[in-house]
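K.L.:
Handing you this structure, nothing more for now.
We did not get these values from a lab; they are worked out from the coordinates using the rules stated. Everything quoted here is computed from the prediction, not taken from an experiment. Every residue, glycine among them, receives a Cβ derived from its backbone with ideal geometry; neighbour counts consider all protein chains shown.
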Amino acid sequence: MHSLKEMRREFQRAFNVSTNRVKVAIGLGTCGIAAGGEKVWNAVNEYVENEGLDVDMMSTGCLGMCYAEPIMEVHMPGEPRFVYGNVKPETAVEILERHLKYGRPSPEYIVGQDPRGFEPAPNIMELKDTGFFKSQVKTVLGRCGIIDPEQIAHYIAFGGYEALEKVLSEMSQIEVIEEIKRSGLRGRGGGGFPTGRKWEAAYNSPGPKKYVICNADEGDPGAFMDRSILEGDPHSVLEGMAICGYAIGADEGYIYVRAEYPLAIKRLRKAIQDAEAMGILGDNILDSGFSFRIRIAAGAGAFVCGEETALMHSIEGKRGMPRVRPPYPAQSGLWGKPTNINNVETYANVPGIIRKGADWFAAMGTDNSKGSKVFALTGKIRRTGLAEVPIGISLRDVVFDIGGGIQNDRKFKAVQIGGPSGGCIPASHLDTPIDYDSLIQLGAMMGSGGLVVMDEDTCMVDVARYFLKFTQEESCGKCTPCREGTMRMLQILERICQGQGGPEDIDTLENLALVVKSTSLCGLGQSAPNPVLATLRYFRSEYEEHIFNKKCPAGICVELLDIIIDPAACKGCTLCKNVCPADAITGERKKPHSIDPEKCIKCQACIMKCPFGAITKG
Amino acid sequence: MTAITVSINGIKTTVPEGTSILQAAAGAGVHIPTLCFHPDQEVKANCRICVVEVEGRNNLAPACATAVSEGMVIKTATRRVLAARRTILELILARHPQDCLHCSRNGTCELQQLAAEYDVRYNRFPRDEWQLPLDYSTPGIVRDPNKCVLCHRCIEVCTAVQTVNALGLANRGYDTQVVPSIDHDLFESPCVMCGQCIHACPVAAITERDQIDELMEAISDPEKVVVTQIAPAVRLALSEEFGGEPGRLRMEQLVDGLQKIGFDYVLHTNFAADLTIWEEGHELLERLQEGRNLPMFTSCCPGWVRFAEVYYPGLLNHLSTCKSPQQMFGALVKTYWAEKMGIDPEKIVSVSIMPCTAKKYEAVRPEMIDSRYADVDMVLTTREIARLFRMTGIDPLKLAGAFPAPWMGEYTGAAVLFGASGGVMEAALRTVCELQGGTLEKIDFCDVRGMKGVKEATVYLNGKPVRVAVAHSLSNARVLMEQVAAGESPYHFIEVMACPGGCIGGGGQPLTRTDRDRARRMQAIYDEDRGRQRRKAHENQEVKALYQDYLGSVMSHKAHELLHTRYTLKRKNT
């Protein structure tokens, strides 16, 4: 049993030794790769080789600063760690040339420094003080972007598997469950069911065979929290699952991960292999007598497979379709056996709770919602990325402090929280604390943590239409309200956006939304109307504008746009006439032009072309 | 079990733990509408018509899938509930063809009834019907996917009861459809045409392939001699179509009615059922003696034969080589009977009236031409005959009665038994036991009767125990077949009928919802058997004459030519 402790010391020593070497780390999560991280890696690699430099290169997961990807860090012995953002292959070489050869950081590319106990460089902000990190806590994401996710040694050096060791050596199953219950941890996948109670139910279900499932079927548009954890710190999820397995009495686990996450799958496979090779997973873990194996099941990308019963059907090889509950998975789950299902972030929270104690965890958050939550910030926000915040923080803090406010100084309009099952929250509720219950009050939900920020140029009817289209396409087609009802709602929304909405449409829409919500079989259908109901609640006038005045106030719904040339501002330069693909613009040189609305296809090319700002949409 | 008291619309009722709201309400006399719910199936809870309000619960609860709990306060007819139900109906109806007037389920359609009940007089949603081609690929059943309401009842019966797995779901969301496996034609799927999906379907998305027009064309042709055979299960269930209890219609009345419709000669499949016992009984004795290809399975049921062909092609030698009574009859009617009657077989149109949709398929199997003609030209189901009676203004229950034509009209009680699961076995046992010498004192073999899925018995032939089993529904047949495949079957002789309850529950019978209805028909079969003077197949005098005059002897060369066959799957309907 002492072997893991010894190993940890050894790994820590090795890691510390490595900190005394020159190191270049590049973020190679999916976000980093998409931003061009691999090109940076190749350029750096070539540079280091050509120059014959003695440098350790390391790939890390996502630090959360998607807006600044690709990210490159430079560690010099005895110096802070410098994080460079928006690095291109050329600039990377330029930065390294100065930094490695002459010891001169390039402040213009630096997003922040992390002193790690050394003298901070002057005039450079510390990472933790930057707007993006200031209000964040790093518990679940603590290791993401710091360690190499493919090195189990790094995980162990940073306290990894200490919790599993503790559980196996000194805690009973009930003690583990009590600890989780006491922590107040609630499911991070959407519903927010207390995790400890879920485990307890699975523990209480009799049977020699039980399963642990990790739901990594992250499907909300704009959500990538789970992917980042899996890519950046896969062992934390494995450890959480193994602890759950021990607590409920399961010896087998499945990670149901979407096939669209190839990097996450690759890293998980490696992590499982490494853990098994070290005796941390598999038979007789750490000589404790407890055995636990984890398999990966790749999902084919159906959103509904995030619903637990559909997910289990999918693992069993059946059509991913939810069934009626009860029985709950804890009683009859995968292949009819008691099963505990939690999502990635929930499991990733578990080792920390065991290691640092329930009280430490419960100190974060609000009365009914403890701990931290990871959010994926997207949309019209300045700093897109992944932020981990204590639950209870206000939406305003997240949008304006962490996210830096709205791009291009536009006005904030709403934030969509909880993905397609959530709702839009308007500016008037920006000071609402983000916790499970407050969000439900507002007609939204915590969901898995997608946070899409919208500015004044967003049409809320169009937003509702977008989400409805998504849920409609992702409905499994089993129950009538979800299969037929969401489509009919979508048809009404499309009609409204096209200017063909009738006076009865809002009533029908609202009516139908309430029926779909209250009669659908699973969470997908029950929450599918939320975006419609929330926009009707906070932005009803926009619907009315579309229907009664045939106007889209945000200027998004093309069919409702009028493109107008202001004759006073038009100088008759003919640029707009030449660019118009529909020959809709007429006018003589040096005389005000005009647009034939019958011919105009609202492509807005003229607006972009006009040097005088004379053409507007209205 | 704990008793639980709930309040339904203010009515206090006490039910056992685990009871659904739907059951509890039914017990309290409160009607809750259903569509996907089927009393003999697992709860699917997908139509959501049965939603009710439960105090303390935010959303509406599906009554079929929600178990009652102590003190539950249930309201089944609030404004909210009614509005939700009506909306759901509007949603379904907006995609359902509005051709009720010329739909085969007009008047028996569950959706139509719901629309009437909920007074859906207008629809807020524009009509958006599927425009899909009908599936006419099988000779037995027709699928109209346009009418499907996605209740999944057909899938459930095909998968759980029959384990045929011919039907499944394709696509997602609004495009979700019930389709034959891998979206092929039904005939390319494992479908055995048992037609149980027809009974399961609440609308007319699955029906039998109607051959009434074909029949009327033959009847109206003065050159043709239309001869029909009636299967034993038909008459019993036909009464139900005219408001009578199973079995109330007398055979003479049915014969009378068919003659009035214009059939030239009305005969009985029962005759061939007796004949089957002669042949199959001897075949069994032969196999027992030689210890060859045991257990032997009956082969009267074309759905079962096709099931064996699809799923157990390597075990087909376990099937009896006897043709089904329908096909024995067909082979004889254009040879022996034509000769006896002095009618040119060319002119004979051989029609059979069956409780079965798979029989339509069996008749067109390529092997079934041993008379050098199509042995059976067309097959009409009980439902088609009922329609024909209605169309021609005949209520058979009110007819005086007439007698079948000479030759091939006589039958014993044993033949009647063929209509119920266990009947072929019982008929065979009566004969086989007596063929070994002596006379049976007790001829009712009650062990093989009833609705139990697999029934078994042991009889002694020459002092040796012979173990027999009877399975109805193909899921039960599969169990027995798996034993054979594993070399672990303890049996010598096994009867299989594809449909629950046997032919009385056949795919061509009047729409049947529950096993209770099937059990009632079964009883009518036993009543008729008991009432017959001759109850053993080998006592059939006309069959004796057939052997003397024509076939020579049981299992003779000629008998083999006309009455036996070898089955192999022919995928294409050619």
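K.L.:
Could you check what % of the DSSP bridge pairs in the protein assembly as shown are antiparallel, to the nearest 5?
P.N.:
Here the share of antiparallel DSSP bridges comes out near 55 percent.
K.L.:
Now for a separate question. Determine the relative contact order of chain A: mean sequence separation of Cα pairs under 8 Å and six or more apart, normalised by residue count, in whole percent.
P.N.:
11
K.L.:
Scaled to the compact-protein estimate 2.2 N^0.38 Å, what is the alpha-carbon radius of gyration of segment A:398-471, rounded to two decimal places?
P.N.:
1.06
K.L.:
Relative contact order for segment B:212-314 using alpha-carbon pairs under 8 Å, separation at least 6, rounded to a whole percent?
P.N.:
23
K.L.:
Check the straight Cα-Cα distances from B:Lys260 and name the lysines below 26 Å, setting aside those fewer than 8 residues away within the same chain.
P.N.:
Output for B:Lys260: B:Lys224, B:Lys334, B:Lys340, B:Lys347, B:Lys359, B:Lys360, B:Lys398.
K.L.:
Same structure again: I need the P(r) histogram for segment A:152-362: all alpha carbon pairs, bin width 5 Å from 0 out to the longest distance, whole percents.
P.N.:
1, 8, 17, 22, 22, 17, 10, 3, 0
K.L.:
Let me confirm one metric for peptide A:481-494, namely the mean number of other chain beta-carbon atoms within 10 Å of its residues' beta-carbons.
P.N.:
Across the residues of A:481-494, the mean count of other-chain Cβ atoms within 10 Å is 5.
K.L.:
Could you list the residues of segment A:53-95 with an amide nitrogen less than 16 Å from a label point located 7 Å from the Cα of A:Ala14 in the Cα-to-C-beta direction?
P.N.:
A:56-59
K.L.:
For chain B, find the longest principal axis of its Cα atoms and tell me its angle to the long axis of helix B:423-435, 0 to 90°, nearest 10.
P.N.:
In chain B, helix B:423-435 runs at an angle near 20 degrees to the longest axis.
K.L.:
Could you work out the per residue convex hull volume over the alpha carbons of segment A:2-129, in cubic angstrom?
P.N.:
Each residue corresponds to 122 Å³ of Cα convex hull volume.
K.L.:
Could you give the alpha-carbon Rg of segment B:1-135 over 2.2 N^0.38 Å, rounded to two decimals?
P.N.:
Taking N as the residue count of segment B:1-135, the ratio is 1.18.
K.L.:
Continuing with the same structure: Would you work out which of B:Cys446, B:Leu319, B:Val255 lies farthest towards the positive end of the dipole of chain B? Charges go on Cβ: Lys and Arg +1, Asp and Glu -1.
P.N.:
Towards the positive end, the residue furthest out is B:Cys446.
K.L.:
Which far-off residues, 5 or more places away or on another chain, put their amide H under 5 Å from the one on B:Ile348, with H placed in the peptide plane?
P.N.:
The answer is B:Val225.
K.L.:
With +1 on each Lys and Arg Cβ and -1 on each Asp and Glu Cβ, how big is the dipole of the protein assembly as shown about its Cα centre, in debye rounded to the nearest 20?
P.N.:
That gives a dipole near 1320 debye.
K.L.:
About the Cα centre of segment B:3-93, how large is the charge dipole given +1 on each Lys and Arg Cβ and -1 on each Asp and Glu Cβ? Please answer in debye to the nearest 20.
P.N.:
Charge dipole, segment B:3-93, about its Cα centre: 380 debye, nearest 20.
K.L.:
Could you work out how far apart the two model spin labels at A:Ser106 and B:Ala3 are, taking each label as a point 7 Å from the Cα in the direction of the beta carbon, and quote it in nm?
P.N.:
Result for the modelled spin labels: 8.5 nm.
K.L.:
Work out the FRET efficiency for A:Thr574 and A:Glu598 from their Cβ-Cβ distance, taking R0 = 22 Å, and round it to the nearest 0.05. Walk me through the intermediate numbers first.
P.N.:
On the way: r = 21 Å, r/R0 = 0.95.
Using R0 = 22 Å, I get an efficiency of 0.60.
K.L.:
Sort B:Ile49, A:Ile565 by Cβ crowding within 10 Å, fewest neighbours at the top. Present the calculation step by step, with values, prior to reporting the outcome.
P.N.:
On the way: B:Ile49 27, A:Ile565 22.
By the 10 Å Cβ count, ascending, the order reads A:Ile565, B:Ile49.
K.L.:
What ranking do A:326-338, B:395-407 get when scored by the average of other Cβ atoms within 10 Å per residue, highest first?
P.N.:
Ranking the peptides A:326-338, B:395-407 by packing returns A:326-338, B:395-407.
K.L.:
Between B:Asn59 and A:Ile174, what is the spin-label point distance in nm, taking each point 7 Å from the Cα along the Cα→C-beta axis?
P.N.:
It works out to 3.5 nm between the two label points.
K.L.:
Separate question: Would you mind getting the Kirkwood hydrodynamic radius of chain A from its Cα pairs, rounded to one decimal in Å?
P.N.:
26.3
K.L.:
Efficiency by 1/(1 + (r/R0)^6): what FRET value for A:Arg182 and B:Asp549, r their Cβ-Cβ distance, R0 = 60 Å, to the nearest 0.05?
P.N.:
0.05
K.L.:
Now a separate question. Tell me the mean residue ellipticity at 222 nm calculated for chain A from its helices only (DSSP H runs of n ≥ 4, each -39500 (n - 2.57), averaged over every residue, nearest 500).
P.N.:
The helix contribution divided over chain A gives -10500 deg cm²/dmol.
K.L.:
Which value in Å does the Kirkwood hydrodynamic radius of segment A:481-618 take, with 1/r averaged over all unlike C-alpha pairs and then inverted? Don't skip to the answer; put the middle values down first.
P.N.:
Numbers: mean 1/r = 0.0586 Å⁻¹.
For segment A:481-618, inverting the mean 1/r across all distinct Cα pairs yields 17.1 Å.
K.L.:
Also, I was wondering about something else. From a point 7 Å beyond the Cα of B:Gln541 in the direction of its Cβ, which residues of segment B:395-419 have a backbone N at a distance under 16 Å?
P.N.:
B:404-413
K.L.:
Now for a different question. Just add up the charged neighbours of A:Val87: K/R +1, D/E -1, any other residue whose Cβ is under 14 Å from the Cβ of A:Val87.
P.N.:
-4
K.L.:
Just the Cα atoms of the protein assembly as shown, one point each, no solvent: what log10 I(q)/I(0) does Debye give at q = 0.04, 0.07, 0.10 Å⁻¹?
P.N.:
Debye curve over Cα of the protein assembly as shown, log10 I(q)/I(0) at q = 0.04, 0.07, 0.10 Å⁻¹: -0.32, -0.83, -1.24.
K.L.:
Shifting gears a bit: Between the alpha-carbon centers of segment A:453-521 and segment B:456-498, tell me the distance in whole angstrom.
P.N.:
What the calculation gives is 56 Å, centre to centre.
K.L.:
Return the whole-Å distance between the Cα centroid of segment A:309-341 and the Cα centroid of segment B:149-216.
P.N.:
The distance from the Cα centre of segment A:309-341 to that of segment B:149-216 comes to 26 Å.
K.L.:
Right, another one. Of the options A:Ile354, A:Ile229, A:Ile280, report the single residue whose Cα projects farthest towards the positive end of the charge dipole of segment A:152-362 (beta-carbon charges: Lys, Arg +1; Asp, Glu -1).
P.N.:
A:Ile229
K.L.:
Same structure, new question: What is chain B's relative contact order, in percent, from Cα pairs under 8 angstrom and six or more apart in sequence?
P.N.:
16
K.L.:
If you don't mind, there's one more thing I want to ask. Would you please classify the overall shape of segment B:130-208 from the alpha carbon gyration tensor, given that a ≥ b ≥ c denote the square roots of the eigenvalues, rounded means a/c under 1.5, and beyond that prolate means a/b larger than b/c while oblate covers the rest?
P.N.:
rounded
K.L.:
State to the nearest 20 debye the size of the charge dipole of segment A:372-455 about its Cα centre, where the only charges are +1 on K and R beta carbons and -1 on D and E beta carbons.
P.N.:
In debye, rounded to 20, segment A:372-455 gives about 340.
K.L.:
Something else: When the Cα centres of segment B:503-574 and segment B:33-111 are compared, how far apart do they sit, in Å?
P.N.:
Between the Cα centres of segment B:503-574 and segment B:33-111 lies a distance of 42 Å.
K.L.:
Quote the FRET efficiency, to the nearest 0.05, computed for A:Ile564 versus A:Arg537 with a Förster distance R0 of 22 Å and r equal to the Cβ-Cβ distance. List each step's numbers first, then the result.
P.N.:
Working: r = 32 Å, r/R0 = 1.48.
Given R0 = 22 Å and the Cβ-Cβ separation, E is 0.10.
K.L.:
How far apart, in nm, are the 7 Å Cα→Cβ label points at A:Phe193 and A:Gln498?
P.N.:
In this crude label model, A:Phe193 to A:Gln498 measures out at 4.1 nm.
K.L.:
In the neighborhood of B:Asp529, defined by Cβ-to-Cβ distances under 9 Å, what is the net charge if each Lys or Arg adds +1 and each Asp or Glu adds -1?
P.N.:
Numbers: positive: B:Arg530, B:Arg532, B:Arg535; negative: B:Glu426, B:Asp444, B:Asp527, B:Glu528.
With Lys, Arg at +1 and Asp, Glu at -1, the neighbours total -1.
K.L.:
Sorted from largest down, what three extents in whole angstroms do the Cα atoms of segment A:460-549 have along their principal axes?
P.N.:
Principal-axis extents of segment A:460-549 (Cα, largest first): 38, 20, 20 Å.
K.L.:
Give me A:Val398, A:Val453 ranked fewest to most by other Cβ atoms within 10 Å of their Cβ, as a rough exposure proxy.
P.N.:
A:Val398, A:Val453
K.L.:
Take peptide B:41-52, look around each residue's Cβ out to 10 angstrom, count Cβ atoms belonging to other protein chains, and average those counts.
P.N.:
4
K.L.:
Tell me the mean residue ellipticity at 222 nm calculated for chain B from its helices only (DSSP H runs of n ≥ 4, each -39500 (n - 2.57), averaged over every residue, nearest 500).
P.N.:
Dividing the helical sum by the residues of chain B leaves -9500 deg cm²/dmol.
K.L.:
Can you compute 3J(HN,Hα) from phi for each residue in segment A:439-447, using the Karplus curve 6.51 cos²θ - 1.76 cosθ + 1.60 with θ = phi - 60°, rounded to whole Hz and x for Gly and Pro?
P.N.:
So the J values, rounded to whole Hz, are 5, 5, 4, 8, x, 10, 7, 4, x.
K.L.:
Also, quick follow-up: Putting +1 on Lys and Arg Cβ atoms and -1 on Asp and Glu Cβ atoms, find which of A:Phe548, A:Pro329, A:Ala259 reaches farthest to the positive end of the dipole of the protein assembly as shown.
P.N.:
The Cα lying farthest towards the positive end belongs to A:Phe548.
K.L.:
Of A:Lys210/A:Lys373; A:Lys134/A:Lys370; A:Lys469/B:Lys44; A:Lys318/B:Lys44; A:Lys318/B:Lys452; A:Lys5/A:Lys337, which pairs sit farther than 24 Å apart, going by alpha carbon to alpha carbon?
P.N.:
Over 24 Å apart, Cα to Cα: A:Lys210/A:Lys373; A:Lys469/B:Lys44; A:Lys318/B:Lys452; A:Lys5/A:Lys337.
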